[in-house]
1. Out of Pro287, Pro302, Leu243, whose Cα points farthest toward the positive end of the dipole of region 190-344 (charges: +1 Lys, Arg; -1 Asp, Glu; placed on Cβ)?
2. Using the basic label-point model (7 angstrom from Cα toward the beta carbon), what is the Asn337 to Glu191 distance in nanometres?
3. Compute, for region 190-344, the length of the dipole vector about the Cα centre, with Cβ point charges of +1 (Lys, Arg) and -1 (Asp, Glu) only. Units Debye, rounded to 20.
4. If you take the Cα Rg of region 200-292 and divide it by 2.2 N^0.38 Å, with N the number of residues, what do you get?
5. What does the net charge come to around Thr225 if you take all other residues with beta carbon closer than 14 Å to its beta carbon, with K and R at +1 and D and E at -1?
6. Over the Cα atoms of region 190-344, Rg to Rh with Kirkwood Rh, two decimal places?
7. Skipping prolines and chain starts, which residues have an amide H placed within reach, meaning under 5 Å, of the one on His308, given they are 5 or more residues away or on another chain?
8. Give the distance, in whole Å, between the Cα centre of region 348-379 and the Cα centre of region 126-156.
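No value in this document is a laboratory result; all are computed from the given coordinates. Since the structure is predicted, the reported quantities are computational estimates derived from the model, not experimental observations. Because the Cβ atoms are built from the backbone with ideal geometry, glycine has one as well, and the counts that use them run over all protein chains shown.
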Amino acid sequence: MSAMACASRLPKTSWIFLFLVIYSYCIFVLCTFYNRAESPAYKSDCPKLNFNMSLNCSFLPTKTVQPKPTPQDQMKLSNQSLIIILLWTWPSGDKFPLNQCPPSFDSSDCFLTVDRSVYSKANAVIFWHKDVSRSKSLLPQEPRPPNQYWIWFNVEPPPHVKNLTIMDNLINMTMSYRADSDIFTPYGWLEKTEDKINFTIPQKTRLVAWVVSNWKATKRIEYYTELNKHIKVDVYGKNNLPLPRYQIRTVETLSTYKFYLAFENSVHEDYITEKLWRNSFHAGTVPVVMGPPRKNYERFIPPDSFIHVDDFSSPQELASYLLSLDKDDQKYQQYFNWRSRYQPQKLKSSWDGRYCRVCKALKEAPLYRTIPSIAEWFK
């Protein structure tokens, strides 16, 4: 009897059973082959971590896939003596080169990264307050490694800093413009030079300038309004004279003025911003400051490098003094005598001089402790 004939005599249920056996075997073979095949590599739009410029698509939830370190980075990270510093986010989404600190910062044996996959190995994690202040859920949700430093980072004055209590009993070191921070990160600073500098005062064709965008009624707005009655102030910014598109052009424009109104929007200890450092000192003009008391400024800059509004009884008296300096070149030039001994520091990014300070601070860190309340200290 032929095989075909035998098969034709099989009951219908046997046919169904035979079909299921063959179908199951096919599925088994296909699954085995698929599992042995290499899975395709994950393709991310994020640039991969690089030793010289650690970039990734940070500012993402903790579970988001992060770019994998390069072999060079993995070698660095496997070094037990290396201090790994994790930036939990790019500050306000502002990306910049990492691990390119000038030699003066002593950043040897440290590695900065935004790759959250190294969280469990990181010696320190830096939290830009503005990025995590809305909720504790924006902080790491994984168990915290023993003795890992959590660093609170902020450059804004107290009125502009919200929800500080979420940091209670979590932070080990502070990082801010306050000189009493564990990591002092000012908006700028002067460095003393070994050799005398022959500084040339930029050519002056105009008198007083001010860059401002926030016209909320404050002491500085009131002061400017009265001052402008007695001396012409050229105002740049919103609804006023247009600013050049590039920052360097703004500095060049301001350099043509004899005086710049470095009026801070908040008056708090050590809060001395780019209004003095960039718009005044880098531009080569004389700052007229409004902010903390004169003695506070003199902790960081020479007393003959600026004019403080508190030295005058009224805006009118200040205006008279500025007009007198405009007519007396010798007296005006005395405000630049300090330039032969000190030089304002210029960095590629406003973040360089801040994050580059972390390495040295960690090497010299005090005994591990937790700060009960940032809000109580940062008043």
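1. Positive-most Cα among the choices belongs to Leu243.
2. Each label point is offset 7 Å from its Cα along the Cβ direction, giving 2.6 nm.
3. Dipole of region 190-344, to the nearest 20 debye: 420 debye.
4. On the way: Rg = 12.6 Å, N = 93, 2.2 N^0.38 = 12.3 Å.
Cα-based Rg divided by the globular estimate yields 1.03.
5. Within the 14 Å Cβ shell, the charges total +3.
6. Here Rg/Rh amounts to 0.93.
7. Val289
8. Between the Cα centres of region 348-379 and region 126-156 lies a distance of 12 Å.
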